[in-house]
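Inspection log for the structure reproduced underneath, given as structure tokens.
The values are calculated or read from the model by the stated rules, or taken from the named source; none is laboratory data. Note that the structure is predicted; figures quoted are calculated from it, not measured. All Cβ positions, glycine included, derive from the backbone under ideal geometry; neighbour counts span all protein chains shown.
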Amino acid sequence: MDIREYEKMAKLNFNDPEREAAARDIDKFIKSFAELGKIDTDSVEPLVTALDINNVLREDRAQRIITREELLANAPEQYGGYFKVPKTLE
């Protein structure tokens, strides 16, 4: 793939020296993954987690539910039964 296609996908605009450097770096990544692809992993079991634990399930039991009023009791501001927070988007 031409480096300009990567630029377009990533919405970048490189000058020629940056483009050449990026192309070299991408080539190194591709060669590294090609080397990894040569490793024989046919006899290796898939690893889901590095930790030697099993899923610990708890008993499903009813618990006290906090009411909306209790949740909003310490809210600095509320509006219509919801937390009122500063606007983050225009």
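Would you check which residues across segment 80-90 are exposed (fewer than 10 other Cβ atoms within 10 Å of the Cβ) and either over 32 Å from the mean Cα position of the chain (by Cα) or not basic (Lys, Arg) (or both) and list them? Scanning segment 80-90 gives Gly80, Gly81, Pro86, Thr88, Leu89, Glu90.
Residues in segment 30-58 that are of a type in the set (Ser, Thr, Tyr) and over 30 Å from Tyr6 (Cβ atoms): Ser43, Thr49. Of the residues in segment 46-57, not one is over 29 Å from the mean Cα position of the chain (by Cα), β-branched (Val, Ile, Thr) and part of a loop (DSSP other than H, G, I, E, B). Among the residues of segment 7-23, the ones that are surrounded by 10 or more Cβ atoms within 10 Å (Cβ to Cβ) and in a helix (DSSP H, G or I) come to 9 in all.
Test Leu51 against the criterion of being surrounded by 10 or more Cβ atoms within 10 Å (Cβ to Cβ) and of a type outside the set (S, T, N, Q), and give yes or no. No: the conditions fail for Leu51.
The C-beta contact set for segment 47-72 (first residue under 15 Å from Phe83 (Cα atoms), second residue in a loop (DSSP other than H, G, I, E, B) and at pLDDT 80 or above, distance under 9 angstrom, 6+ apart or interchain) comprises Arg68/Gly81; Glu69/Gly81; Leu72/Gly81. For first residues located in segment 1-19 and over 21 Å from Lys31 (Cβ atoms) and touching a residue at least 24 places away in the same chain (Cβ under 8 Å), partners that are surrounded by 10 or more Cβ atoms within 10 Å (Cβ to Cβ) and among the β-branched types (Val, Ile, Thr) and lie 6+ apart or on another chain with Cβ distances below 9 Å do not occur.
For segment 58-79, the tally of residues that are more than 31 Å from the chain's Cα centre (by Cα) and in a loop (DSSP other than H, G, I, E, B) stands at 11.
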